[in-house]
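The values are calculated or read from the model by the stated rules, or taken from the named source; none is laboratory data. Given the structure is predicted, the values throughout are model-derived calculations rather than measurements. Glycine also receives a Cβ, built like all others from the backbone with ideal geometry; neighbour counts cover every protein chain displayed.
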């Protein structure tokens, strides 16, 4: 392979962007001021107090947190979610606001803001509604291409590679998830009290509308990208925004009661895929083939028909 014109990396990841972004915030006052203006308008920055990556507060993780002091002495914290092509998690935006509110309550900052950075092709109306402000990779590139900073060309090239990754993956599995949701709707008589509340390129999420079913227990179909969409995981998951004692109660109940659920793996002390099963299709078959879609939906039906009545009838935990 020639040494010139090589890709910076063969697989750009969100964490790579996080680290480059924090480095640029740390070392470029011009970029720091420009980025803050995208969220807070004209704000005089006196000092950069901190910039951190992967900040875990116990209520989820902030990809990037930037703290500054303004000309008027206010401490302002910006919490940033970065996405290339991965779907937003359940209540991910809401948890950012909850973390910001707690920072203010604790006196860590006076004001906070929440934002999303992502390729333009990733962002839809739901993302814009969920976050206060959205800054696209494309707008960042446009700004830093004129920035007098040694790292600007490298960051620009890296962001362009991330945009290309998003563009190439965006069409990968959305036809599969859409077809799965349609098939569930066609077979709605088999899924009473179950509604799809979120669909993305690789996930279809369902929740129960029954008043006695725990709100924190969800049903998810994940189309696995590393298998080119030809493998799906059907799983029961537990939301993390409830007290640990309630999570443990549900986990213990599932471990005890779900042993007889055939073809499903029960995983104690795991919330994302507490109960799971895999469905695959042949390598020569398109991931949208009807037999595969039916198998995925039927696997969901087996999980729900086993799980749902048990949760509804149990008095062990609150709904």
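You will find that of 69, 105, the residue that is more than 24 Å from residue 16 (Cα to Cα) and assigned to a helix (DSSP H, G or I) is 105 and no other. Checking each residue in the stretch 249-281 for being over 15 Å from residue 235 (Cβ atoms) and buried (at least 18 other Cβ atoms within 10 Å of the Cβ) picks out only 281. Restricting attention to the stretch 28-61, the residues that are surrounded by 13 or more Cβ atoms within 10 Å (Cβ to Cβ) and either outside any strand (DSSP E or B) or touching a helix residue (DSSP H, G or I) at 6+ places or on another chain (Cβ under 6 Å) (or both) add up to 18.
Results for (1) under 20 Å from the mean Cα position of the chain (by Cα); (2) over 23 Å from residue 203 (Cβ atoms); (3) not assigned by TED's automatic domain parsing to the domain that holds residue 95, shown as yes or no for each residue.
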{"position": "223", "(1), (2), (3)": "yes, no, yes"}
{"position": "255", "(1), (2), (3)": "no, yes, yes"}
{"position": "262", "(1), (2), (3)": "no, yes, yes"}
{"position": "267", "(1), (2), (3)": "no, no, yes"}
{"position": "286", "(1), (2), (3)": "no, no, yes"}
{"position": "304", "(1), (2), (3)": "no, no, yes"}
{"position": "308", "(1), (2), (3)": "no, no, yes"}
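Among the residues in the stretch 85-103, are any touching a strand residue (DSSP E or B) at 6+ places or on another chain (Cβ under 9 Å), loosely packed, with under 15 Cβ neighbours inside 10 Å and over 25 Å from residue 166 (Cβ atoms)? Checking the stretch 85-103: at least one residue is touching a strand residue (DSSP E or B) at 6+ places or on another chain (Cβ under 9 Å), loosely packed, with under 15 Cβ neighbours inside 10 Å and over 25 Å from residue 166 (Cβ atoms). Take the residues in the stretch 183-201 that are at pLDDT below 85, surrounded by 13 or more Cβ atoms within 10 Å (Cβ to Cβ) and out of contact with any helix residue (DSSP H, G or I) (no Cβ under 6 Å at 6 or more places or on another chain); name whichever of them is nearest to residue 232 (Cα to Cα). If we take residues in the stretch 183-201 being at pLDDT below 85, surrounded by 13 or more Cβ atoms within 10 Å (Cβ to Cβ) and out of contact with any helix residue (DSSP H, G or I) (no Cβ under 6 Å at 6 or more places or on another chain), then 200 is nearest to residue 232 (Cα to Cα).
With respect to the conditions (1) surrounded by 14 or more Cβ atoms within 10 Å (Cβ to Cβ); (2) within 21 Å of residue 299 (Cβ to Cβ), residue 214 lacks only one, and its number is (2).
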